[in-house]
Amino acid sequence: MENKDRNLYRLDELSDYKVAPDYSDVRGWKIVDADNRTIGTIDNLWVNKDMQRVVYLDVKADKTLIEDSQREVHENIADGNEKEFMYRDGDSHLIIPIGSVNINKDTKTVMASGIGYDTFRRTGRFNTQQRFDRNYERAVLRSYYPDNDPSVGYDADDDTFYSRKEFGNR
Amino acid sequence: MAEIKIEKKKPIWPWIIALLLIGAIVYYVFLREDQMQNPNRTEIENVTPADTIGN
């Protein structure tokens with residue numbers, strides 16, 4: 001499924017769109033977990049054109065987080081558990097649903113208070129050359145929220161998927 | 001829980017057209033004034049009564 005079928009675009013691809021007034025353009029801001037550990041920097045915003053809002057933050061993962069996860073992969077490969085890990089070298093970007101974060105305008109920091117460093121470390125990443133698909137989005141949600149109810153729009157191929165509470169809908 | 005809305009940028013061309021239009025109006029008004037003032041600038045020849053008395 002192409003991104004355009006999901007109405008999903010990077011904001012910088014849409015030259016005729018901008019962040020609405022009264023909302024923060026968080027590109028370039030740091031993102032931290034609940035313990036204030038750096039996850040990375042927000043590189044871009046994934047927006048749903050029909051819904052006219054951001055659905056994911058595109059985060060360039062911090063070098064330390066990548067190194068930590070690579071170390072874990074190597075340890076697991078040594079233990080024969082390599083099937084648990086799907087990502088490749090060079091994959092350095094993560095998506096984080098907008099409803100999972102809080103924005104601090106004063107410190108220009110975004111906090112993912114409900115997701116820990118270890119979860120980010122274990123979540124599959126992508127690289128900017130390859131676009132991610134809906135299956136990757138589902139895998140990310142499963143990784144961040146393993147206990148959340150999967151029934152609401154989880155299998156949807158259309159915008160219904162973004163009506164889940166992880167995207168800021170109650 | 002954060003929310004970031006996006007909106008379509010307002011196109012710049014209506015402003016360009018408006019500026020051009022204002023420019024055209026201003027130019028037209030001044031040019032017209034100039035053209036209207038030109039006939040008034042024709043000098044009126046003074047004919048003094050002394051010129052006619054001699055005849």
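The values are calculated or read from the model by the stated rules, or taken from the named source; none is laboratory data. On a predicted model such as this, the values are computed, not experimentally measured, just so you know. With ideal geometry, Cβ positions are generated from the backbone for all residues, glycine too; neighbour counts draw on all protein chains shown.
Can you name the number of the only condition in (1) at the interface with chain B (Cβ under 8 Å from one of its Cβ atoms); (2) in a strand (DSSP E or B); (3) of a type in the set (A, V, I, L, M, F, W, C) that A:Val55 fails?
(1)
Look at the range A:97-115 and say how many of its residues are more than 11 Å from chain B (Cβ to nearest Cβ) and more than 13 Å from the chain's Cα centre (by Cα).
The number of residues fulfilling the criteria is 4.
Residues that are of a type in the set (Phe, Trp, Tyr), farther than 19 Å from A:Arg142 by Cα and modelled with pLDDT of 95 or more: does the range A:21-40 have at least one?
The answer is yes, given that some residue of the range A:21-40 is of a type in the set (Phe, Trp, Tyr), farther than 19 Å from A:Arg142 by Cα and modelled with pLDDT of 95 or more.
Please list, ordered by first then second residue, the pairs with beta carbon atoms under 6 Å, 6 or more apart or interchain, first in the range B:1-26 and within 14 Å of chain A (Cβ to nearest Cβ), second surrounded by 10 or more Cβ atoms within 10 Å (Cβ to Cβ) and in a helix (DSSP H, G or I).
As it stands, the answer is B:Met1/A:Gly99; B:Ala2/A:Ile98, since those pairs meet every condition given.
Looking only at residues in the range A:10-52 that are within 11 Å of chain B (Cβ to nearest Cβ) and of a type in the set (Phe, Trp, Tyr), which one is surrounded by the most Cβ atoms within 10 Å (Cβ to Cβ)?
A:Trp46
Could you pull out the residue among A:Asp58, A:Asp106, A:Asp159 that is surrounded by fewer than 21 Cβ atoms within 10 Å (Cβ to Cβ), within 25 Å of B:Glu7 (Cα to Cα) and at pLDDT 90 or above?
Result of the check over A:Asp58, A:Asp106, A:Asp159: A:Asp106.
Among the residues of the range A:128-157, which ones are among the hydrophobic types (A, V, I, L, M, F, W, C), farther than 18 Å from A:Glu13 by Cβ and under 12 Å from the mean Cα position of the chain (by Cα)?
A:Ala139, A:Val140, A:Leu141 - these are the residues of the range A:128-157 that are among the hydrophobic types (A, V, I, L, M, F, W, C), farther than 18 Å from A:Glu13 by Cβ and under 12 Å from the mean Cα position of the chain (by Cα).
Exactly one of these conditions fails for A:Val152: (1) of a type in the set (Val, Ile, Thr); (2) modelled with pLDDT of 90 or more; (3) in contact with a helix residue (DSSP H, G or I) (Cβ under 8 Å, 6 or more places away or on another chain). Give me its number.
Exception for A:Val152: condition (2).
Considering each of B:Ile25, B:Ile6, B:Ile12 in turn, give the residue that is in contact with a Leu (Cβ under 7 Å, 6 or more places away or on another chain) and either at pLDDT 90 or above or under 30 Å from A:Arg27 (Cα atoms) (or both).
B:Ile6
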